[in-house]
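Input: a single structure, listed below in structure tokens.
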Amino acid sequence: MLMFVASFLTFMAIGGFPSFVEDMKVFERERLNGHYSTGAFVIANTLSSIPYLLLVSVIPGTLAYYLAGLRDGLDHFAYYTSVLFSCMLVVESLMMIVASIVPNYLMGIIVGAGIQGLMILGGGFFRLPNDLPYPFWKYPLFYIGFHKYAYQGLFKNEFEGVMYVYKEAGVQKVIDGEYILREKWQVEMGYSKWTDLLIIFGMVVVCRVLFCVIIMIAEKVKSGLMAVVFCMPEKKKGQVMINPFATPSH
């Protein structure tokens, strides 16, 4: 259940890609008119989306949290919704980057879905971290994908500090939640769940800065191409005079 809400709920944010493309079209027109700068657009785009992403994170997240009977406590629920919210911010930031590079609805959705699909597969759930192949899936995808930190943060939020009682061969035994995290899910226990959350928010900042840089580079490239086109010398037109009374030579 934790994997589902951290992966497929955020995956649905790809459906907003057409609106992201329209945002980029409006920005280009307003930018040409000199109404605002690139930095102002990136900041405004981020702030304007926060209330809606918060609603998308809290409402479905609350339904899934209490339906699955996850751990009680307001602090655990607050952390759970914070992880969902940060993941939604990362996904929207990634899709804005894709929209600035691939301004086509179909191709943009395909590219965005492919990026998220790779991150989900390499997040450490479908194959445990120690079982991931090294050349690509473990290094670097496992560490640069936000799903790794979302999964591990949610697992720590659910299992840390909890003792579980079970029976084996008629004998009642007690198992520590941290043992489950280390042995079952191979979670990195060297830092707390709050560090995982901060890393995800750090990815939001990095993606937004990258988005701003890509827009600025695209503007310079377009302006350079336009300058080259307008500075190209026109071809000289020549006229050929033909004497209609001239006798053709053999």
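Overview of values
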| read-out | value |
| --- | --- |
| Sequence ranges 113-119, 156-162, ranked by mean other-Cβ count within 10 angstrom, highest first | 156-162, 113-119 |
| Peptide ranges 165-176, 5-16 listed from the most packed, as the mean C-beta count within 10 angstrom indicates | 5-16, 165-176 |
| Exposure proxy order (Cβ contacts within 10 Å, fewest to most) of L181, L198, L154, L47 | L47, L198, L181, L154 |
| On Cα atoms only, tilt of 38-67 relative to the major axis of the chain in degrees | 30 |
| Within the chain, helix-based [θ] at 222 nm, where runs of 4 or more DSSP H residues each add -39,500 (n - 2.57), nearest 500 | -21500 deg cm²/dmol |
| For the stretch 22-145: relative contact order, % (alpha-carbon pairs under 8 angstrom, 6 or more apart) | 17 |
| Separation between Cα centres of the stretch 144-208 and the stretch 25-88, rounded to whole Å | 23 |
| Residues R31, R208, sorted so that the one with the fewest Cβ neighbours within 10 Å comes first | R31, R208 |
| Options (i) 132; (ii) 223; (iii) 143 - which one matches volume of the Cα convex hull per residue in Å³ as calculated here | (ii) |
| Interchain or long-range residues, amide H under 5 Å from V187's placed H | R182 |
| Relative contact order of the chain, pairs being alpha-carbon contacts under 8 Å that are 6 or more residues apart, as % | 24 |
| Per DSSP, loop chymotrypsin sites (Phe, Trp or Tyr not before Pro) in the stretch 30-102 with at most 15 further Cβ within 10 Å | Y36 |
| Ranking of W185, W137 by count of other Cβ atoms within 10 Å, fewest first | W185, W137 |
| Loop-resident sites, the stretch 102-136, for chymotrypsin sites (Phe, Trp or Tyr not before Pro), counting at most 14 other Cβ within 10 Å (DSSP) | F126 |
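FYI, it's all coordinate maths here, none of it is from the lab. The shown structure was predicted, so the numbers you read here are calculated from the model rather than taken from an experiment. Note that each Cβ is placed from the backbone with ideal geometry, even for glycine, and that neighbours are counted across all protein chains shown.
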